[in-house]
1. Among the residues of region 26-37, which ones are surrounded by 10 or more Cβ atoms within 10 Å (Cβ to Cβ) and farther than 16 Å from Leu16 by Cβ?
2. Please go through region 77-103 and give me each residue that is surrounded by fewer than 14 Cβ atoms within 10 Å (Cβ to Cβ), aliphatic (A, V, I, L, M) and part of a strand (DSSP E or B), ordered by number.
3. Can you tell which of Gly74, Gly29, Gly70, Gly33 is in contact with a Pro (Cβ under 6 Å, 6 or more places away or on another chain) and modelled with pLDDT under 85?
4. Exactly one of (1) open to solvent by 30 Å² or more (accessible area, probe 1.4 Å); (2) of a type in the set (Val, Ile, Thr); (3) at pLDDT 90 or above is unmet by Thr3. Its number?
Amino acid sequence: MATFGLIRGIAFVIGLLMVAGGFALLGSGSVAGGTGLWLVLIGGGVMVVTVLERRRYRSEAAEQTNEPIGPGGGEPEAVDSRFRPTDEVFLDPTTRRRMRVLVDPQTGERRYIAEA
């Protein structure tokens, strides 16, 4: 998972460079002001996405406690007993693993577990 952190860091720096370059173009007063505005908007969007992006299929609790990532990017194999398996399954597009959806019947909170 350190690779994903590195990729997010590189994307953030690229976004930062785009914003800086965009402001430089806007400040130059040249004809490229429209391009500068687009660079600021797109670079800012890249920065926001890298800050807000989280690992896929993980609960807020797992993120806050830094629990290890389970197979397929989901929860670790041991999930709280209040979660019940549903009939909903899907194929993770990145890992190509079959993921099972579990739900807490009282709160509607969902968790995802990779199936064998």
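1. If we filter region 26-37 for residues that are surrounded by 10 or more Cβ atoms within 10 Å (Cβ to Cβ), which is where we start, we get 26-28, 30, 32-37.
Answer for region 26-37, where residues must be surrounded by 10 or more Cβ atoms within 10 Å (Cβ to Cβ) and farther than 16 Å from Leu16 by Cβ: Gly27, Ser28, Ser30, Ala32, Gly33, Gly34, Thr35, Leu37.
2. Once the filter is applied, which keeps residues that are surrounded by fewer than 14 Cβ atoms within 10 Å (Cβ to Cβ), aliphatic (A, V, I, L, M) and part of a strand (DSSP E or B), region 77-103 yields Val89, Leu91.
3. Working: Gly74 fails: in contact with a Pro (Cβ under 6 Å, 6 or more places away or on another chain); Gly29 fails: in contact with a Pro (Cβ under 6 Å, 6 or more places away or on another chain); Gly33 fails: in contact with a Pro (Cβ under 6 Å, 6 or more places away or on another chain).
Of Gly74, Gly29, Gly70, Gly33, the one residue that is in contact with a Pro (Cβ under 6 Å, 6 or more places away or on another chain) and modelled with pLDDT under 85 is Gly70.
4. (3)
The values are calculated or read from the model by the stated rules, or taken from the named source; none is laboratory data. Remember, it's a predicted structure, so these values are computed and weren't measured experimentally. Please note: Cβ atoms are built from the backbone with ideal geometry, for glycine as well, and neighbour counts cover all protein chains shown. Note: accessible area is taken over every heavy atom of the protein model, side chains too, but ligands, DNA and RNA are not part of it. Shrake-Rupley method; radii C 1.70, N 1.55, O 1.52, S 1.80 Å.
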